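Peer 1: Mind looking over this structure? Questions follow.
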Amino acid sequence: MPEKSIVGPLVGPILVAGLTLAACGSDANVVFDEGTGVVATDPEVVADDGGDKVTPPATVRLDLGDGQRTIGDSMTFVVAVSAPGELDDDASYSLILDGTGVARVAEQQHAVDPTSIAHGGVQSIDHDVVITGGGVGEIVARLVAVAADGSELWATADHLQILADADDVFVGRAGLLALREQQLRRDLEQGRVTPEEFDDLLTELRGGGATSEITVVGG
């Protein structure tokens, strides 16, 4: 039986199994079926094998915390989990964090107390991530609800993309192309490229669309 979908709001291209996918709108949900490998956008979540769709009753938000942002250092990410209404007391809720590419985390599972996040409450968890070298990566925080019989009720996720070079680590959720633009602007401010080179590179970047390879300047 295939595993349930991983779903979450996302802007820009995402990495799944090392591939960069096309951009999604800011209100879209990204659905990755681990059994079939199919990726699609859908405003609702396929929550059970019967094909019924429900919107997850909770949200997960992944943000960069304070601290160093260089290769080899431990970077802190903050995950906030909340639910606007009540949650099923008979279900269990887990937060799972993982990283791809240059982002290295030991996949960790944290228990989430439904009473602490219900009715607008927030449970925040700090998690350290090490950026191992220059390149691209992604951090994923996934909130999963499991019924008493062990079946998965629903899941929702948030993602952050990472672009790292020898000097900086750029983090965002607007996609890798937006991070590459930040990197180019840094290079312009520091005199690594001329204004003419910057304009040419920016035009090339914006006209090239989403790709599976991002050149790392200064890496």
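Peer 1: For the residues H119, H110, what sequence is obtained by ranking on other C-beta atoms within 10 Å, fewest first?
Peer 2: Going from least to most buried by this count: H119, H110.
Peer 1: For the stretch 59-75 and the stretch 123-140, what is the separation of their Cα centres, given in Å?
Peer 2: Each part's Cα centre sits 6 Å from the other's.
Peer 1: Going highest first, how would you order 153-163, 68-78 by mean Cβ packing within 10 Å?
Peer 2: Ranking, from highest mean packing down: 153-163, 68-78.
Peer 1: Is the shape of the stretch 98-169 rounded, prolate or oblate, going by the alpha carbon gyration tensor and its root eigenvalues a ≥ b ≥ c, with a/c under 1.5 for rounded and a/b larger than b/c for prolate?
Peer 2: Since a/c reaches 1.5 and a/b is larger than b/c, the shape of the stretch 98-169 is classed as prolate.
Peer 1: Sticking with this one: What is the sum of charges around D73, taking Lys and Arg as +1, Asp and Glu as -1, for the other residues whose C-beta is under 13 Å from the C-beta of D73?
Peer 2: So the surrounding residues net to -2.
Computed from the coordinates by the stated procedures, all read-outs in this text should not be read as laboratory data. The structure presented is a predicted model; accordingly, all values stated were derived computationally and were not measured. Cβ: placed from backbone, ideal geometry, glycine included. Neighbour counts: every protein chain shown.
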